[in-house]
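Comments concern the structure below.
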Amino acid sequence: MYDSYFKLSRSPFENTLDQRFFFLSEGHREVIAALLYFVRQKKAFAMVCGDVGTGKTIIVRHLLERLPPGVKPILVPYPEADYFEILRYVARELGVATKCKGVLELCDDVKAELAKASRSGRQVLLIIDEAHLLPVSSLENIRLLSNIELDRTKLLRVLLIGQSELAAKIATRELRQLRQRININRVLAPMGHRETTGYIDHRLNIAGSSFSACFDPGCRRLVYKLSGGVPRSINRLCDTALLICMTHRGKRVTKAILRKAQGALESDSTLRNRSATRGFSGHLKTIRAVAAAIALLVLQAALFWQYRARLENPAAITATHSNQGGRKTAEEVRKFALPVRVAGVPAKPAPKVAAPAASALPPPARTDLRSQPAPKAPVFRSLSPEKAGGDKTPSAGEASPRGPRQDMVSQKPQGHHFMVVTVKRGDSLTAIAAKWFPQNPGSGLKEIVAANPGVHDQNRILIDQTLTIPRK
């Protein structure tokens, strides 16, 4: 559409294989020179890799026009087929009948035809375009087919043209033998900044114009930046820019028009990416807010259960303090001693008692484990009413007359049997009552307190302290 507007004889940026528009950059020249060397020196394998749009196919067309006489090329343009289909195609190109023949018979016929061509001074060049689509098995079979030799001369040359995936496939362990036989290995890279401008100018010259006549000087670097030096991307960008310039009635393409052309080429993807990004950003904010709320709830729940555990097990707090440093004062214990809930007994607040004098406190618990005697087994004994009231002589297993056990025994109610237990680490008066009076722990707690006058506070007992348990 814009040819007449810019006074062009033909469209300069069509993605065709027209050799008149072929621009020999430095990279293209090197690849073509290497391929001509490969053909003339009768090497076995050559490989050319390049990214999409770098001009691999047009190089193949250029090479076909410059092949020496006596070289017969066989171009396989659609390699996405199995090895048997490729073999049949090669056989047909060599004039071999393929009907009702298997792989082995076809291989023999192809080898015979290749040997015949070599004796007559002709070469056969197998060119596989888009070779990255070939499966590994087909590549390995093609390598085996190239093993045909006559007088130490390879009868079949193979040229593989493909994208960057071809190099990655050849580098695998399964194709290590093929990789060792590749004599020419080239990579077709994008063009540089100056070559990009020369490429555009060359195509415009073929169409009857020039870069300076159609583009502002400031567009040189921007074209390279937006296209990356890839010929196909340059064609798309310049074609769209000339069309936009014509619709705006401009004399030459400016940097603003180039950016607008780039935006037009990427409008669909840009809109999709922006909407996706916005949607993801919104979801990400929501996810972060929900995660913060959940973390706060978990922290609050952990603090609540920790506080509830302290309320329900004050005896454990007392025992912990005893283990860590021996005896604590009554005021320190009272900070942690909270009302104990016993099944069947309504909860009552702990009575406020004045701190007893230091001399009235029980002896401190022994914390040296090495000096502690082995725990004593419970002692069961039956006391007569006379002994319960007046016998002051302790029997075997009882504490010294100076300890609190003498008072406990002397004040026991008559008509009961008693058992003496020693408080161990982690015990509490509530737990002891629940163990020995499972039917009515509340009543058992009262009886244990009544039988042990030395217990001034039912929420505080000490390790190694002996308690008398009344049993009917």
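On the basis of being among the acidic types (Asp, Glu) and either without any contact (Cβ under 8 Å) to a residue 24 or more places away in the chain or outside the structural domain of GLN123 (by TED's automatic domain parsing) (or both), does GLU165 make the cut? Show your work before the answer.
Details: among the acidic types (Asp, Glu): yes; either without any contact (Cβ under 8 Å) to a residue 24 or more places away in the chain or outside the structural domain of GLN123 (by TED's automatic domain parsing) (or both): no.
In short, no.
Contact annotation: residue pairs with Cβ atoms under 9 Å, 6 or more positions apart or on different chains, pairing a residue in segment 303-318 that is surrounded by 11 or more Cβ atoms within 10 Å (Cβ to Cβ) and modelled with pLDDT under 70 with a partner that is part of a helix (DSSP H, G or I) and of a type outside the set (A, V, I, L, M, F, W, C), are ALA315/THR430; ALA316/ARG310; ILE317/ARG310.
Quick check: is even one residue across segment 98-105 closer than 21 Å to PHE45 by Cβ and loosely packed, with under 15 Cβ neighbours inside 10 Å? No; the residues of segment 98-105 include none that is closer than 21 Å to PHE45 by Cβ and loosely packed, with under 15 Cβ neighbours inside 10 Å.
In this structure, is ARG92 loosely packed, with under 15 Cβ neighbours inside 10 Å, at pLDDT 85 or above and farther than 24 Å from LEU36 by Cα? Criteria met by ARG92. Quick one: would you say ALA46 is surrounded by 19 or more Cβ atoms within 10 Å (Cβ to Cβ) and small (Gly, Ala, Ser)? So ALA46 fits the description; yes.
May I ask you to list the residues in segment 21-34 that are closer than 19 Å to THR197 by Cβ and in a helix (DSSP H, G or I)? First the steps, then the outcome.
Of all residues in segment 21-34, those closer than 19 Å to THR197 by Cβ come to 21-29.
Result: PHE21, GLU26, GLY27, HIS28, ARG29.
The rows are residues; the columns are (1) surrounded by 16 or more Cβ atoms within 10 Å (Cβ to Cβ); (2) within 51 Å of the chain's Cα centre (by Cα); (3) touching a residue at least 60 places away in the same chain (Cβ under 8 Å).
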{"site": "PRO68", "(1), (2), (3)": "no, no, no"}
{"site": "VAL76", "(1), (2), (3)": "yes, yes, no"}
{"site": "PRO79", "(1), (2), (3)": "yes, yes, no"}
{"site": "ILE86", "(1), (2), (3)": "yes, yes, no"}
{"site": "ASP109", "(1), (2), (3)": "yes, no, no"}
{"site": "ILE128", "(1), (2), (3)": "yes, yes, no"}
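One residue stands out in segment 447-472 among those that are among the basic types (Lys, Arg) and surrounded by fewer than 16 Cβ atoms within 10 Å (Cβ to Cβ): the one that is nearest to ARG310 (Cα to Cα), namely ARG471. Residues that are crowded, with 16+ Cβ neighbours inside 10 Å, touching a Gly at 6+ places or on another chain (Cβ under 9 Å) and either modelled with pLDDT of 90 or more or closer than 30 Å to VAL52 by Cα (or both) are absent from segment 258-271 altogether.
Residues checked against (1) modelled with pLDDT under 90; (2) closer than 13 Å to LEU134 by Cβ; (3) assigned to a loop (DSSP other than H, G, I, E, B):
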| position | (1), (2), (3) |
| --- | --- |
| CYS49 | no, no, no |
| ILE59 | no, no, no |
| LEU63 | no, no, no |
| PRO69 | yes, no, yes |
| PRO73 | no, no, no |
| TYR78 | yes, yes, yes |
| ALA81 | yes, yes, yes |
| GLU85 | yes, yes, no |
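Out of segment 1-16, which residues are under 19 Å from GLY162 (Cα atoms) and either modelled with pLDDT of 90 or more or surrounded by 12 or more Cβ atoms within 10 Å (Cβ to Cβ) (or both)?
Residues of segment 1-16 that are under 19 Å from GLY162 (Cα atoms), as a first pass: 15-16.
Within segment 1-16, just ASN15 meets the criteria.
Within segment 427-458, the residues that satisfy the criterion of being part of a helix (DSSP H, G or I) and in contact with a Ser or Thr (Cβ under 9 Å, 6 or more places away or on another chain) are ALA433, PRO441, LEU445, ILE448, ALA451.
The values are calculated or read from the model by the stated rules, or taken from the named source; none is laboratory data. As the structure is a computational prediction, the values presented were derived from the model and not from experiment. As a convention, Cβ positions derive from the backbone with ideal geometry for all residues, glycine included, and neighbour counts pool all protein chains shown.
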